[in-house]
Amino acid sequence: MLMSAPLHFQTIAELSAKLSVGQLSAVELTQAMIARTKAVEPRVHAFNSFDEADALAQAAASDARRRAGQSAGALEGIPVGLKDVIAVAGQPLTASSRMLANFVSPYDATVTQKLQSAGAVLHGRLNCDEFAMGSSTENSAFGPSSNPWDLTRTPGGSSGGSAAALAAGSAVATLGSDTGGSIRQPAALCGLVGLKPTYGLISRYGLIAYASSLDQIGPFARTVEDAAIMLGAIAGHDPRDSTSFKTSLPDYRAELKTRRGPWKLGIPKEYFGAGLDPEVGAAVEKAISFYRSQGCEIREISLPHTQYCLDTYYIIATAEASSNLARYDGIRYGHRTSSAKDLLDVYQKSRAEGFGDEVKRRIILGTYVLSSGYYDAYYLRAQKVRTLIRQDFLNAYREVDALITPTSPIPAFKLGEKSADPLAMYLCDIYTIGVNLAGLPALSLPCGFTQSGLPIGLQLIGQPFREADLLATAHAYEQAHGWNTQFPSL
Amino acid sequence: MSQPAELNIERIAELSRLALTPEEKTRFSAQLGSILGHIEQLAKVDVSGIEPTAHAFPLNNVWAADIAQPGLAVSAALNNAPAQRDHMIVVPKVVD
């Protein structure tokens, strides 16, 4: 029989059961999380900040609700951390940027309200690449996070703090945002489940915008079941986000047990070529063999425009970013320079002082591809190639239910290894960005470890608004393997 | 498609409202040159007759009832302003 994991490594499902029978109080659990956070943070740096008194007050309120027989919902008393791009009223909201170093959010994101309605205890502001631009957290103005499995390595990015906090046991679940792989890649590098939902399933109201046609909020969790619980708490139409969809929502957690295969699974051959680490490739092949052994039909398919995903992404994402980040002008909020001579000077110097290198690079690239004379050649062409990329996926779904790929071509790399070469960093996202361009749901789940003990992630890509099937497919694999019962020694 | 060498960093920095140092101009030009070099391969794709995709699931004409909703209080809206006075944001003089 397995020994129970320490409290800080337990799942939402396990902790909820203990809370509901009074074996544990929300205050005790939150105290344990804060103690753990204080113990590991000097080494991990997953948090930009955390408000101990506020978290304990929320926990006490949760216990009071429970005593009164008015438990709020599926996350009652569960400490959940938020990436520092998701607004919580009265708390800092920095996007890990000097530009917003002193910004305090005047309102809640919709997902924040939904988590609160479900009873969650919001714990901490989690580090990320500045304005969610990056794949390693090294673009954070407040310093990188470390991977709990190897502190000399990156937890991935941009939602690296959300992954590192969960892997280190400083939260029970977390939220991140995923524009080109920013949930799935850090989940893979930290041995976690990370879900990027269908574009439009989760409200983006109160999420700091990077590339609005690609951004989507999603959960990090220890298990597929926990990810299903989190998704159920945050999904749904929101009139404050005009891109959010009116769609009927299943009970994602319950559906894990009712939706069973065998599924028809597609293996896109373009995702297994040059650049794929042999150990990652072998672990993914083993996972494919498992599904085959369960009676799933495995079919090789082609996504012929895969080689154009990276370029398409870096045109569309930077174009949208250059527009979205125009709001940071030093006038109404954010950093304002103290050395300006006139209004133009305020804009140019405030932005130069407030933004880091990667943000500047993307604003410049985005401005260039949108500028007069280049718009058709770059931006319009990229939008047309995006159509072809999306059609590739939709064609594949005529034949198969879901796709299996690696999440990241490589396991966690050393901090500093790629930070001088933007293009090398961008190549970390080659298996994840197509999903954002096509607006599809996808998740990463652990599928093994390298010889040196680094987690490996398996990506499952599903059909639009069919997260329940995607989660069930992942659950079937997870139940037959024990990867998520291993924890970093920290 | 244009050649990457055409990226006029002075002009683009001005459009971006970014005051770049000479060192940044040199470094960003080189880095963006290699990224634009990579992007050139999009010119090979045949996109004739293909409609552009702005959103994967476009929703058009999303209407809301025209009913006034409570908004942020003035003090909350101004709380993050770099400089404020009398319920207004203070900015540098723009007319002489």
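Structure notes:
- Sites B:Leu59 and A:Glu399, calculated FRET efficiency, Cβ-Cβ separation with R0 25 Å, nearest 0.05: 0.35
- Charge dipole (debye, nearest 20) of the range A:400-490; +1 at Cβ of Lys and Arg, -1 at Cβ of Asp and Glu: 160 debye
- FRET efficiency estimate (nearest 0.05) - Cβ-Cβ, A:Ser49 to A:Thr485, R0 22 angstrom: 0.10
- Charge dipole (the protein assembly as shown, unit charges on Cβ, about Cα centre) - positive-most of A:Pro186, A:Leu122, A:Ala68: A:Ala68
- The alpha carbons of the range A:61-111 give a radius of gyration and a Dmax of 14.4, 44 Å, in that order.
- Ranked list, fewest to most other Cβ atoms within 10 Å of each Cβ, for A:Ile301, B:Ile12: A:Ile301, B:Ile12
- The A:Asp376 and A:Ser117 beta-carbon pair, evaluated with R₀ = 35 Å, returns a calculated FRET efficiency of approximately 0.15.
- Translational diffusion of chain B, estimated by Stokes-Einstein from the Kirkwood radius over alpha carbon pairs at 25 °C in a medium of 0.890 mPa s, is 125 µm² per second.
- Coordinate range of the alpha-carbon atoms in chain A per principal axis, descending: 68, 54, 45 Å.
- Working ranking of peptides A:73-84, A:168-179, B:61-72, A:360-371 by packing, defined as the average number of other Cβ atoms within 10 Å per residue, highest first, is A:168-179, A:73-84, A:360-371, B:61-72.
- Scattering curve values for the range A:329-387, log₁₀ I(q)/I(0), Debye with Cα scatterers, q = 0.17, 0.20, 0.25, 0.31 Å⁻¹: -0.68, -0.78, -0.93, -1.13
- Restricting the calculation to Cα atoms, the range A:1-124 yields a radius of gyration followed by a Dmax of 15.1, 52 Å.
- Across the options A:Ala35, B:Ile12, B:Leu32, the greatest Cα extent toward the positive end of the charge dipole of the protein assembly as shown (unit charges at beta carbon of Lys, Arg, Asp, Glu) belongs to A:Ala35.
- Average other protein chain Cβ within 10 Å of Cβ, residues A:237-248: 2
- Listing A:Ser452, A:Ser372 from fewest to most neighbouring C-beta atoms within 10 Å gives A:Ser372, A:Ser452.
- Going by neighbour counts of Cβ atoms within 10 Å, the residues B:Asp96, A:Asp150, A:Asp54 line up, fewest first, as B:Asp96, A:Asp54, A:Asp150.
- Alpha carbon Rg of the range A:280-345, scaled by the compact-globule rule 2.2 N^0.38 Å: 2.23
- Principal-axis tilt of helix B:22-39 within chain B, Cα atoms, nearest 10 degrees: 60 degrees
- Chain A, relative contact order [Cα under 8 Å, separation at least 6], %: 18 percent
- Computed magnitude of the charge dipole of chain A (debye, nearest 20; Cβ of K, R +1, Cβ of D, E -1): 440 debye
- In this entry, the range A:366-442 is assigned a mean projected area of 6.8 nm², taken as a quarter of its C-alpha convex hull surface.
- Dipole magnitude (debye, nearest 20) for the range B:1-45, charges at Cβ of Lys, Arg, Asp, Glu: 100 debye
- Here the relative contact order of the range A:158-245, from alpha carbon pairs under 8 Å that lie six or more residues apart, stands at 31 percent.
- The range A:402-490 gives an Rg/Rh value of 1.01, both radii derived from C-alpha positions and Rh following Kirkwood.
- For the range B:1-45, the alpha-carbon coordinates run over 36, 18, 12 Å along the three principal axes, in decreasing order.
- Only lysines eight or more places from A:Lys114 in sequence, or on another chain, were considered; those with a Cα closer than 18 Å are A:Lys83, A:Lys196, A:Lys246.
Here, each number is a calculation from the coordinates, and none is a lab measurement. Keep in mind that what you see is a predicted model, and the values were worked out from it rather than measured. Positions of Cβ are generated from backbone atoms using ideal geometry, with glycine treated the same way; all protein chains shown enter the neighbour counts.
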